[in-house]
Amino acid sequence: IISSQKYKYILKNNRNLRLIERLHDFSGSILWYVFEKARSNHFVPFMYEYAYDPVSISIDYKNCKDISLIGRIDRCDVLENESGRYIRVIDYKSSDHAISAGEIYRGIKLQLISYLYAFLKNFPEYKPAAINYFVFDSDIVSGKAEDFANKNDVKNKYSMKGFTLDDEDIMTASGKKRRDNN
């Protein structure tokens, strides 16, 4: 796209050329990480940018009796096994993002849980498996191209943060090890 006639002016600036090189390396490292993660688990991407049908939730707060959820889920992965059909909801984030059970309980971070709820309302044949933020380091201006190109450091730059169902089959399918609670 950048090399097209419409954007030729961008290529005349050395700073822009370096930024384009960093964007290229950054994009490549993210794609490499996503590919490696896909190879290490059994969930299969099912939908991208899924704009779900509005979902109504009954509440009783002051003058409000119900609310309607609308939105777009970045990615939905599925797993089918002998236990059923499972869904993992993923939201992409370009900065550090974590989530805790306490934040959900207090109503502070409801995005992922709302996405999962909406998906399950629209596709009741699925069971919940996981909700995750896919976090990637977006600081391409201060990062060095060689840092992004070094595949050994990629796993430290990107991560999936969230919750996964505490079920051995689901954990194995996600490429995770189950923690011992002893």
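Taken along the Cα-to-beta-carbon direction at a fixed 7 Å, the label points for VAL44 and ILE59 span 3.7 nm. What FRET efficiency do you get for ASP74 and HIS24 if R0 is 22 Å and r is their Cβ-Cβ distance, rounded to the nearest 0.05? With R0 = 22 Å, the Cβ-Cβ based efficiency is 0.50. ILE131 exposes around 10 Å² of accessible area when a 1.4 Å probe is run over every protein chain in place. FRET efficiency for the pair GLU168 and ALA51, taken as 1/(1 + (r/R0)^6) with r the Cβ-Cβ distance and R0 = 25 Å, rounds to 0.15. Protein heavy-atom surface of the stretch 40-82, 1.4 angstrom probe: 52% of the accessible area is carbon and sulfur, with nucleic acids and ligands not counted. Peptides 56-66, 15-25, 116-126, ordered by how many other C-beta atoms sit within 10 Å of their residues on average, highest first, read 116-126, 15-25, 56-66. In a fully extended conformation the segment linking LYS121 and LEU11 would gain 34.8 nm over its present Cα-Cα distance, using 0.36 nm per residue. Note that the stretch 45-136 presents 56 Å² accessible area per residue, ligands and nucleic acids not counted, probe 1.4 Å.
The values are calculated or read from the model by the stated rules, or taken from the named source; none is laboratory data. All values derive from a computational prediction rather than experimental measurement. Don't worry about glycine lacking a Cβ; one is built from the backbone with ideal geometry, like all the others, and counts go over all protein chains shown. Heads up: the accessible areas ignore ligands, DNA and RNA and are worked out on the full protein's heavy atoms, side chains in. Shrake-Rupley method; radii C 1.70, N 1.55, O 1.52, S 1.80 Å.
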